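Note sheet for the following structure.
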Amino acid sequence: MEKTSLDLSQIFDPIRADLQAVDREFGRHVQSQVGLIPTIGKYIQTSGGKRMRPAVLLMAARLSGYAGDRSILYAAVVEFIHTATLVHDDIIDDSDLRRGRLAVHSRWGNDITVLLGDYLYIKSMALALTHDTLDIVRLLCDVTLRMIEGELFQLTKNGDADITEDEHFDIIRRKTAYLFGGCAEIGGMLGKVGPEREQALREYGFSLGIAFQLIDDLLDVTGDAEALGKPVGGDLREGKMTLPLIHLLQQNDDVGARIVRDIISSKTIEPGQWEAVLLALKQHRSIEYAYKRASEFAELAKKPLYAFPASPEREALLALPDYILARDR
């Protein structure tokens, strides 16, 4: 996979100060008289993460000509929503690690983590209501509902080796793409660019989100455990079928299909099984297929941006799809 010429710090350079302000805003609003809340909030904040969603909102707002500070508040809101989703997902997936550190539920327990996720969701909407912009609040509520629907739908398909590609993409759209699309659209709403350009930004973010998730899933197959911060093959072990595995099972490879089904059934990967799965994926070019689909969405993301004049922000947003395709976390 070809490496992009820009790293993320270069792409985010136009909004570096704003991203730092978002981190401060997040830290400020996670304060509480219940000491455990800021303690866990700080733990989450310092556990890494690329701030991709807040960055998309901030750059879209800049691209749309917005120069105020409400973009920082709304970027903090989407980070609250995203973080709430992560802490809940880790419980559902029984994932012990997140970015190389103990997941919140592994350190503080499920009961506390569920309530913390609820707190973050409610806090995000309380922050969004700070300003009289009900259209943005409605968008955020819609996005959050779609994300929860996506998680519920994925749970119904968990352990189902026969999930279709269409069903898999429906989960990706709900769990990931709508939030990316909403982030970009909020930037346009703040800049009051009008319905057509708001839609262009939404389409950019939506396609970017699909590409992002496809690569994220692919890294669970091709990545390095140390770089990932969690064991490789975790999705399959948890019963989640991702695009390369779905493609493999469409190829009538009895041996590969049997191993995949055995792993899903036992929720463990025995010695030699993962190597056999990787060999089958390579033989049927399933990894290439998934990367090709991600590339299609990455290119699709770029087209709507040409509704805007050239600017450092547009160039940064155009560079993000290429970075996603090349990232190795």
Checklist outcome for this item: Subset of the range 152-180, residues open to solvent by less than 30 Å² (accessible area, probe 1.4 Å) and part of a loop (DSSP other than H, G, I, E, B), comes to A161, I163
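Does D217 satisfy the condition of being touching a helix residue (DSSP H, G or I) at 6+ places or on another chain (Cβ under 9 Å), without any contact (Cβ under 8 Å) to a residue 60 or more places away in the chain, closer than 22 Å to L102 by Cα and part of a helix (DSSP H, G or I)? Write out each step before concluding.
On the way: touching a helix residue (DSSP H, G or I) at 6+ places or on another chain (Cβ under 9 Å): yes; without any contact (Cβ under 8 Å) to a residue 60 or more places away in the chain: no; closer than 22 Å to L102 by Cα: yes; part of a helix (DSSP H, G or I): yes.
Answer is no for this residue.
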Next on the checklist: Among the residues in the range 28-48, are any free of Cβ contacts under 8 Å to residues at least 12 places away in the same chain, in a helix (DSSP H, G or I) and open to solvent by 30 Å² or more (accessible area, probe 1.4 Å)?
Outcome noted: yes
Checklist entry - Does A76 satisfy being surrounded by 24 or more Cβ atoms within 10 Å (Cβ to Cβ) and in contact with a Phe, Trp or Tyr (Cβ under 7 Å, 6 or more places away or on another chain)? => result yes
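Is one or more of the residues making up the range 292-300 farther than 16 Å from T164 by Cα, open to solvent by 60 Å² or more (accessible area, probe 1.4 Å), hydrophobic (A, V, I, L, M, F, W, C) and at pLDDT 95 or above? Steps first, answer last, please.
The initial filter retains those residues of the range 292-300 that are farther than 16 Å from T164 by Cα, namely 292, 294-300.
Filter again for open to solvent by 60 Å² or more (accessible area, probe 1.4 Å), leaving 292, 296, 299-300.
Still in the running and hydrophobic (A, V, I, L, M, F, W, C): 300.
Narrowing the set further to residues that are at pLDDT 95 or above leaves 300.
Yes: one or more hits.
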Checklist entry - Among the residues of the range 85-117, which ones are surrounded by fewer than 16 Cβ atoms within 10 Å (Cβ to Cβ) and within 15 Å of the chain's Cα centre (by Cα)? => result R99
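The values are calculated or read from the model by the stated rules, or taken from the named source; none is laboratory data. Just so it is clear, the model here is predicted, and its values are computed rather than measured. Positions of Cβ are backbone-derived with ideal geometry, glycine not excepted, and every protein chain shown enters the neighbour counts. Only protein heavy atoms, including side chains, enter the accessible area calculation; ligands, DNA and RNA are left aside. Shrake-Rupley method; radii C 1.70, N 1.55, O 1.52, S 1.80 Å.
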